Amino acid sequence: MEVGTTVLENLSLAGDTAHIPDKCFDQLVKAACRGVLSEVDRNAIADDPAFKGVDKAALKAAHSGIVALLVEAAKHDVDADGISHILEECKFSPERIKGFNDIFTVQKPSMQILLGSIGNSRPHIRANHMERINEAVYLISLKTEVPGQDELQEVQFTCSLEQLQDLVGKLKDATKCLEKLAQT
Amino acid sequence: MEEVDRIIIHSLRSIGCDIEEDIYSLKQFSTELIVAAAVGCIRFINNDADLPATLPPGMSARFRMGASLANYVQEMGYRGGDLGYQTFLYSNEAEIRKIFMFLVEKLPKESAQTADEPLGSSVLLHRTIATELGAELSLPWVPPCLKQHGVRVRSKAPGWHREGASCMRRFHACHLSLPHSVASLTVKLPKEQRQYYSDHLPYVTGQTKCHKDTTPSVMETTAAEVSEQQEWENEWNHSGLASRLSQKDYKARKRSKIQKMISDRLQQDAKQREGGESGDALRDLQQVMASVSQHTRSGVKTKGSRFAHTEKLLYGKDEEKTMAQIGAAVAPKDTEEETQRKREEEVAGLRDELSQLTTRLEQLDIDMRKMAASRQQMDEAVGTAAQQAKDKEEAFHVKKRTLDLLPDAQNNITKLQAVVDSSGQRLLNLAAQWEKHRAPLIEQFRTLRQLSSQRESEAQKQLEEMKAFRAKMKEVADEARHKEELQKQLMSEYERMTKDVNRSAYTRKIMEIVANIKKQKHEIDKILIDTKSIQKEINSLSGKLDRTFTVTDELIFRDAKKDEGVKKAYRFLAALHENCELLTKTVEETGVIMREIRDLEDQIETESHKKVLANLEKITEDYQQMKKENAGLMAKIKGK
């Protein structure tokens, strides 16, 4: 895992007791986590009374550094040791490192869920049912999950027996492929 | 042998042979068990082996099965003596051990291959993907309404995984503005910027328009910075150091180079186009360029100020003009034609005036140029005249003084001579002094020059060294990173490896065995040395004996001719010698016999191990059974 100098600089600022007092530090990390995770709390840090008397510019810099570290650490799945390594380089005191790690280990799964939801994919087939209309034609309706939409969407098409068999064969192939992958 | 048996039994158990817990040696194997274990091994090695799992009850079938087992084992490449149905059916321990050792060795070893070399990261990744997929496949289907945001909670390692695509969204990043060097001691932050940071800049998590873009933006910003740093490092290492400039100078030079390149390109392009408006466009672009360079020189604060300024000036003029035109157009409310005509007249008048003015201007210009030229000439003339006047004045002064001196010519000549002499002396003095000053100065100059060249070369050397160090640093860092990765890989590999207790036990046993063998070898060596020394002693003793005998023999023989008593003694001596020789021979023979006895005992031991009697009994039993079977069959045939 690598971070840029600006982030490191801002992190060192966050670890400096002259800028961020000890009592604020845990609050700052928690606020950063909340700000990343929840839309409601994105600006919660701005009017948090815990940070009264802290220089706003320094606070903002420290906050940005911590947010960057949180996101990068969650992205690379860095464990507590790795984080301690980076924080030690930024001259954090052991208590602060511990505090950071305690908060981060709790929030890491949520962070990773959040990061995991970034991406793009085809509509996801959820359920299907077939109706036999005639001897040879099948009406197929597939329920799909489309990225970014909460409701299930529906895809409908008709096909003949051979086409249906073809489709089923393809799906079976795909399943087999997955199973094979899982075994290697 | 116990160790071997244990290893064999362990491997047999591990391939799924049903061996009871209290069996710990091959001696305890029954015929059924031997056959079952052999079949298990063969099936494990060769999947299509067509063998029944257990011994059939019929004697002939048993015989056939034993034969086919022997066949399979031989096909696999067993070269340990003759193999037949009797090996399995009427077993003896040593042979069975050999066969099982061979079979166990032939078993496919999966674990041995993986342990050989550290796996690449891609293999590890594949493996993680495989385990993840396996875990997900093993779970039953769950309707989407039961999952919150497509996340499925599970008990295994990460505790969750994503199913379905309903909550996915694209990666979309925006620009984030991060506060720079707020607490830095080296860079002084301007007051305005600090104020902006503290009063107006929103927090990072609140900067994007849509909150969901925050994480992608943060990642993007970090990645961009990291890659920029790497790029710069690379460039600085390659060409930056060689230029022998400071980082700042290097950057400035590069910037000016790029600007020059851009403007050159633009000019070339414009020349190619060669259009009326392209000239304007070019000018505009050049202004933009100028403003850009201005901006970069003057820093962030005056961002685009000059550009804005020139723009304002340009457009301001245009605006004024248009305003004037509009005003002119609005004032007289005449008819269309009249206005048209008037305008044309006005335009014509103005044009005339303009041409007049231009011609006048040109004339004036020419006049001015002429005047300037003539003025310059005049100036020159004045200068030369003044110079001449000065020269003449000087000449006059000299002449006047000479004339003054003329009346008292003799005196004055001697005086002048003295003055000339003293001046010559002074000149010489000065020259000597100058020499005196000059020599050390030249010396100093030379040393300094040498020093500077030395310093130059030293700087060069240091630069080289610096470069080498940088390369080394990078190398070491790379190596460290590589090693760290390897260590991580190995760690994960180690964690993933089945913690087989047997493995360590085996290694310990192997070490013990090796130590034992070493000890034994040592003992054997000792005994060999002992034997050799004894042999030597025996040899020397027998030699001594021989020699003593010969000497005594000769002595006594010489005397024997004279004395009867000595003759007798000689006879006794011969007899004694003979007897002693017999004695030693007997002792040797005894040794040989003893050895033979021991060999025979060993043979008896091995033979008794072979369970000949029991096997014989079994064979006779089986023979009887076979006879019975045959008789039954004969009876059946006869009955038909």
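The values are calculated or read from the model by the stated rules, or taken from the named source; none is laboratory data. These figures come from a predicted structure and were not determined experimentally. We place every Cβ from the backbone using ideal geometry, glycine too, and count neighbours over all the protein chains shown.
The rows are residues; the columns are (1) modelled with pLDDT of 80 or more; (2) within 12 Å of another protein chain (Cβ to nearest Cβ); (3) over 30 Å from A:VAL71 (Cβ atoms).
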site: A:PRO147; (1), (2), (3): no, yes, no
site: A:GLN165; (1), (2), (3): yes, no, yes
site: A:ASP173; (1), (2), (3): yes, no, yes
site: A:LEU181; (1), (2), (3): yes, yes, no
Taking the conditions exactly as written (crowded, with 19+ Cβ neighbours inside 10 Å, assigned to a helix (DSSP H, G or I) and away from chain B (no Cβ under 12 Å)), does A:LEU87 satisfy them or not? yes
Counted residues in the stretch B:159-182 being at the interface with chain A (Cβ under 7 Å from one of its Cβ atoms), farther than 30 Å from A:LYS56 by Cβ and either at pLDDT below 75 or surrounded by 14 or more Cβ atoms within 10 Å (Cβ to Cβ) (or both) come to 9
Does the stretch A:37-50 contain any residue that is away from chain B (no Cβ under 11 Å), in contact with a helix residue (DSSP H, G or I) (Cβ under 6 Å, 6 or more places away or on another chain) and not acidic (Asp, Glu)? yes
Take the conditions touching a helix residue (DSSP H, G or I) at 6+ places or on another chain (Cβ under 9 Å) and either more than 30 Å from B:GLU231 (Cβ to Cβ) or surrounded by fewer than 21 Cβ atoms within 10 Å (Cβ to Cβ) (or both) and apply them to A:SER64. Does it pass? no
Is at least one residue of the stretch B:20-36 free of Cβ contacts under 8 Å to residues at least 12 places away in the same chain, over 26 Å from B:LEU613 (Cα atoms) and of a type outside the set (S, T, N, Q)? yes
Please name all residue pairs, on different chains or six or more residues apart, with Cβ atoms under 7 Å, provided the first residue is in the stretch B:75-92 and is surrounded by fewer than 17 Cβ atoms within 10 Å (Cβ to Cβ) and modelled with pLDDT of 80 or more and the second residue is among the charged types (D, E, K, R) and part of a helix (DSSP H, G or I). B:MET76/B:LYS106
Consider only pairs whose beta carbons are under 8 Å apart and that are at least six residues apart or on different chains; among these, list those whose first residue lies in the stretch B:199-223 and is more than 7 Å from chain A (Cβ to nearest Cβ) and whose second residue is of a type in the set (Asp, Glu). B:LYS212/A:GLU39
Being at the interface with another protein chain (Cβ under 8 Å from one of its Cβ atoms), touching a helix residue (DSSP H, G or I) at 6+ places or on another chain (Cβ under 7 Å) and closer than 25 Å to B:PHE469 by Cβ is the filter here; which residues of the stretch B:224-242 pass it? B:GLN229
Can you name the residue in the stretch A:149-163 that is part of a strand (DSSP E or B) and over 35 Å from the mean Cα position of the chain (by Cα) and, of all such residues, is nearest to the other protein chains (Cβ to nearest Cβ)? A:PHE157
Residues to consider are A:ASP79, A:ASP55; find the one that is acidic (Asp, Glu) and more than 10 Å from chain B (Cβ to nearest Cβ). A:ASP79
Only listed residue being assigned to a helix (DSSP H, G or I) and either of a type in the set (A, V, I, L, M) or within 9 Å of chain B (Cβ to nearest Cβ) (or both), chosen from A:ALA74, A:ALA18: A:ALA74
If you go through the stretch B:5-20 one residue at a time, do you hit one that is crowded, with 17+ Cβ neighbours inside 10 Å, in contact with a Lys or Arg (Cβ under 6 Å, 6 or more places away or on another chain), over 30 Å from B:GLU629 (Cβ atoms) and not charged (D, E, K, R)? yes
Just to be sure I understand the filter: pairs with C-beta atoms under 7 Å, separated by 6 or more residues or on different chains, first member in the stretch B:409-430 and surrounded by 10 or more Cβ atoms within 10 Å (Cβ to Cβ), second member of a type in the set (Ser, Thr, Tyr). Which pairs pass? none
Flag for B:ALA130 being more than 7 Å from chain A (Cβ to nearest Cβ) and under 36 Å from the mean Cα position of the chain (by Cα): no
